[in-house]
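Nothing in this text is a laboratory measurement; each read-out follows from the coordinates by a stated rule. Since this is a predicted model, take the numbers as computed values, not measurements. Neighbour counts run over all protein chains shown; Cβ positions are idealised from the backbone, glycine included.
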Amino acid sequence: MKLKYNLILGLFLILLTSCLGDKKAVDVSEMGDTSFVNKNFKGNLIDYVENRSACEQMSLSALANIYSVSEDKIHIMDNKKSDRFRKDIEPQCGVYIETSENDYEWLRGSISLNREISKNEFMGEVHEATGRGENWEEAWALQKSMSKSAEWIENLGMAAVWNANKTELKIKFKGYTLNVYPPTNKSYQDEVAKNRDYKNAAIAMAKAAGYIR
């Protein structure tokens, strides 16, 4: 227990110094509250399998509809199908939306799968403290409690949290976590001017990839 406490505290200090602009005072009662866990979770639609593509079920038409572009403007970079990536890294799928001839103005996003790490594996206690372990609830509550821009999303997976500051949707499934970063480009003023709802875009992207209905 002391080791776990020290790891959690270490995580707290790391996040506190790395999330400048989004940090807030930790609400101790929120840290111990696990009411965010979805008690009506019915099971995974997609299970974690080693070397599985993160976007093998991605619907380009659904993705195009989210951003109101034609399918030929969408480019997918699947690390499990490209020789540019090592095959032993976690499944990741880059999504690029062509907005102009200048690729610096393209929108960029991704989805990735992070396998749940058991206590018995190498550095299992550390992974548990960061929310990737079998007992993930406490770490998730801690991370949420520290962020001003984070909010729980009900009825997605076993639990889900949206972090507006990171433009990240994190959904816990049995055996893994799905991380969704909807395509954006904060330096492209035409995109910024759209004032897009990236939270809904991220949820729609997870649906387009087949992880949720």
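Tabulate in residue order the Karplus-calculated ³J(HN,Hα) for region 106-122, using 6.51 cos²θ - 1.76 cosθ + 1.60 with θ = phi - 60°, rounded to whole Hz; enter x for Gly and Pro.
The phi angles translate into 5, 8, 10, x, 6, 10, 8, 10, 10, 5, 5, 9, 7, 4, 7, 7, 4 Hz.
What nm distance separates the two modelled labels at Lys148 and Ala62, each placed 7 Å from Cα along Cα→Cβ?
Output for this residue pair reads 3.5 nm.
Nearest 0.05, what FRET efficiency do Lys42 and Asp88 give at R0 = 45 Å with Cβ-Cβ as r?
That gives a FRET efficiency of 0.90.
Taking a label point 7 Å from the Cα of Lys174 along the Cα→Cβ vector, which residues of region 44-84 have an amide N closer than 12 Å to it?
Zone members listed by number: 44-48.
Which whole-Hz ³J(HN,Hα) couplings does region 50-55 yield from phi under the Karplus relation 6.51 cos²θ - 1.76 cosθ + 1.60, θ = phi - 60°, glycine and proline marked x?
With coefficients 6.51, -1.76 and 1.60, one gets 3, 6, 5, 5, 6, 9 Hz.
Sort Met77, Met146 by Cβ crowding within 10 Å, fewest neighbours at the top.
Going from least to most buried by this count: Met77, Met146.
What's the extension gain from Asn135 to Thr34 if we count 0.36 nm per residue and subtract their Cα-Cα distance?
Working it through step by step, the gained length comes to 35.2 nm.
What are the chymotrypsin sites (Phe, Trp or Tyr not before Pro) within region 79-128 that DSSP puts in a loop, where the Cβ has at most 16 other Cβ atoms within 10 Å?
Of the chymotrypsin sites (Phe, Trp or Tyr not before Pro), the ones in loops of region 79-128 whose Cβ has at most 16 other Cβ atoms within 10 Å are Phe85, Phe122.
Show me, for region 59-68, the HN-Hα J-couplings you get by feeding each phi into the Karplus relation (A = 6.51, B = -1.76, C = 1.60, θ = phi - 60°), rounded to Hz, glycine and proline as x.
Listing the rounded values in order: 8, 5, 5, 5, 5, 4, 5, 4, 9, 6 Hz.
Quick one: order Thr177, Thr167 by neighbouring beta-carbon count within 10 Å, fewest to most.
Fewest-to-most ranking of Thr177, Thr167: Thr167, Thr177.
Under 5 Å between amide H atoms, partner at least 5 residues away or on a different chain: which partners does Tyr176 have, H built in plane at 1.01 Å?
Glu116
Using modelled amide H (1.01 Å from N, peptide plane; none on Pro or chain starts), what sits under 5 Å from the amide H of Glu168, excluding residues fewer than 5 places away?
Asn163
Could you check the spin-label model distance between Arg115 and Asp103? Points 7 Å from the Cα along Cα→Cβ, value in nm.
My value for the distance between the label points is 3.1 nm.
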